[in-house]
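The values are calculated or read from the model by the stated rules, or taken from the named source; none is laboratory data. These figures come from a predicted structure and were not determined experimentally. In this analysis, Cβ positions are derived from the backbone assuming ideal geometry, glycine residues included, and neighbour counts consider all displayed protein chains. Protein only, heavy atoms only, side chains kept; ligands, DNA and RNA dropped before computing areas. Shrake-Rupley method; radii C 1.70, N 1.55, O 1.52, S 1.80 Å.
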Amino acid sequence: MNGGDEVVAAPAGPPQPLEWKFSQVFGERTAGEEVQEVDIISAIEFDKSGDHLATGDRGGRVVLFERTDTKDHRGSRRDLERMDYSISRHPEFRYKTEFQSHEPEFDYLKSLEIEEKINKIKWCQTANGALFLLSTNDKTIKYWKVQEKKVKKISDMNVDPKAMGNGSIASSSSSSSSRSFLANGVSPDGPYNYLSNDFSFPPGGIPSLRLPLVVVHETSLVARCRRVYAHAHDYHINSISNNSDGETFISADDLRINLWNLEISNQSFNIVDVKPANMEDLTEVITSAEFHPTHCNTLAYSSSKGSIRLVDLRQSALCDSHAKLFEEQEAPGSRSFFTEIIASISDIKFGKDGRYILSRDYMTLKLWDINMDSGPVATFQVHEYLRPKLCDLYENDSIFDKFECCLSGDGLRVSTGSYSNLFRVFGCVPGSTEATTLEASKNPMRRQVPTPSRPSRSLGNSITRVVRRGAESTGVDANGNSFDFTTKLLHLAWHPTENSIACAAANSLYMYYA
């Protein structure tokens, strides 16, 4: 300042694009190794602290990982971040434990086989050092508690090893079992005279007589199923979501959303039901549902028609009427056979502050402001290069692949997966041109194509809507290879507080940081 004049700093522009680096891989495949179907990862989820990561697979297993690089440096790390120093250390995780969450079942009434595949995992609030999480397959949700148990053993037994036979203690007390006893335990033959009146303990006691001790042998992690929430869904469960109240959660299938209390497994409340009286009149199904991160009365669910409905539980017990509807009007003359299929939303996620919703359909990522229901505030093209191939994708069912999406904890970036084990990271701050394509391998930048983002259209609203494109091509990647539709990166998760992404490529879990 000079002479009382204030120096006003220029507004900061969009953040610089991140440079992603490989961190770790779990379950890496060797060249030519055949992947077992049961080992393919089907769900990934960080807990709220980011210190634990859970994956589920098609074999019904849940695998837990814990972070190791921050345990001894929490204070110093926070101080360094506050001072804006660069930290050379990157997030590191290690295998913690695994357990069999679901087994294959058979519904005899419907002659239907129920897969053990884990569809979703959600972390619940921790308590007393134990970890709690929900996992679900197509029909049954389970509530798990994972806790360290101390394995105790009795040592220093006062037993003569020579008196042991077949692993049991040979005791002479059984010889007196033939004696008869009265009701008060006194023998009619007179009291036992084991110790005579003139018996005295030698000085220092009897050295061979000692009390047994209980010692902690080791600690082991034990997963215990606390609750099973079953028989509430006629159709396949596609979503589960915890409420911010810490007491309830929702589960959603194609036509209904149910509200559960974590402590009550034998009843749930049906809060959304889109099933028509005549199933021939069915035009859309529920594809994903999630609670608002801070407002316990608000949830959002998406549909196969590309719309998102915001529901307020305070309005009525059955929330068939939505509070807000978010959908984008299709351009006139653009309708085709595939329009509805590619408009179907496969995943929605709330931002950390609950202001924005990110949705993923087959072709794009869309960012919605819950205060503006006229259309998305930003659209990111992910699969535009596949538009000429929609017929082929329909033939091989790839057009029905359900890709997940995620937002960074600071809300500055969004990410989603693609084919050939690629995933995309976009900057979503107005003015940002970040559009990075990465490969799930030890060299993530290998396939990056630095395509500049370009605004596609600008509407005269207070918030400018932009359409940006990632690395587009005519079916070949940066190396000139054809895209492989059999290797797809469907599942990924962004660390809640750091720029770190975990993603699944078949049976391998890759982790990256920036």
Global form of segment 198-326, assessed from the alpha-carbon gyration tensor, a/c cut-off 1.5: prolate
Any residue on another chain or 5+ positions along whose placed amide H is under 5 Å from the amide H of LYS96 is listed here as LEU64, PHE65, GLU66
Restricting attention to segment 272-375, which chymotrypsin sites (Phe, Trp or Tyr not before Pro) occupy a DSSP loop and are surrounded by at most 10 other Cβ atoms within 10 Å? PHE337
Non-local residues with an amide H under 5 Å from the amide H of LYS120, with H modelled 1.01 Å from N and Pro and chain starts lacking one, are THR136
For ILE141, tell me the accessible area in Å² from a 1.4 Å probe, rounded to the nearest 10. 0 Å²
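Using heavy-atom solvent-accessible surface (probe 1.4 Å) with all chains present, what is the largest-first order of ARG227, ARG424, ARG355?
These residues rank, largest area first, as ARG355, ARG227, ARG424.
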Using θ = phi - 60° and the Karplus form 6.51 cos²θ - 1.76 cosθ + 1.60, what ³J(HN,Hα) does each residue of segment 499-507 get, whole Hz, x for Gly and Pro? 7, 9, 10, 10, 9, 10, 10, 6, 9
Under the rule of at least 5 residues apart or a separate chain, name every residue whose amide H is placed under 5 Å from the amide H of ARG413. SER408, CYS428
Label-point gap, in nm, between LYS110 and ARG224 - each point 7 angstrom along Cα→Cβ: 3.2 nm
Would you give the gap between the C-alpha center of segment 289-332 and the C-alpha center of segment 255-281, rounded to a whole Å? 15 Å
HN-Hα couplings for segment 375-391 via Karplus (6.51, -1.76, 1.60; θ = phi - 60°), in whole Hz with x for Gly/Pro, come out as x, x, 7, 8, 10, 10, 6, 10, 10, 4, 5, 8, 4, x, 9, 4, 4
Using per-residue counts of other Cβ atoms within 10 Å, averaged over each peptide, order 272-278, 374-380 from highest down. 374-380, 272-278
Percent of accessible area on segment 319-430 owned by carbon and sulfur, 1.4 Å probe? 51 percent
Per the 1/(1 + (r/R0)^6) rule, R0 = 45 Å and r from the Cβ atoms of ALA127 and PHE338, FRET efficiency to 0.05 is 0.40
Return the loop-located trypsin sites (Lys or Arg not before Pro) in segment 32-72 (DSSP other than H, G, I, E, B) with at most 10 other Cβ atoms within 10 Å of their own Cβ; answer none if there are none. LYS71
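Starting from the Cα gyration tensor of segment 349-437, take the square roots of the eigenvalues, sort them a ≥ b ≥ c, and report rounded, prolate or oblate (rounded when a/c is under 1.5, otherwise prolate if a/b is larger than b/c, else oblate). It would help to have the intermediate numbers written out before the result.
Details: a/c = 2.09, a/b = 1.76, b/c = 1.19.
It comes out prolate by the Cα gyration axes.
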How many nm separate the modelled label positions at ASP484 and LYS149, each set 7 Å beyond the Cα in the direction of the Cβ? 4.2 nm
Calculated FRET efficiency for the pair LEU412/SER316, C-beta based, R₀ 41 Å, to 0.05: 0.65
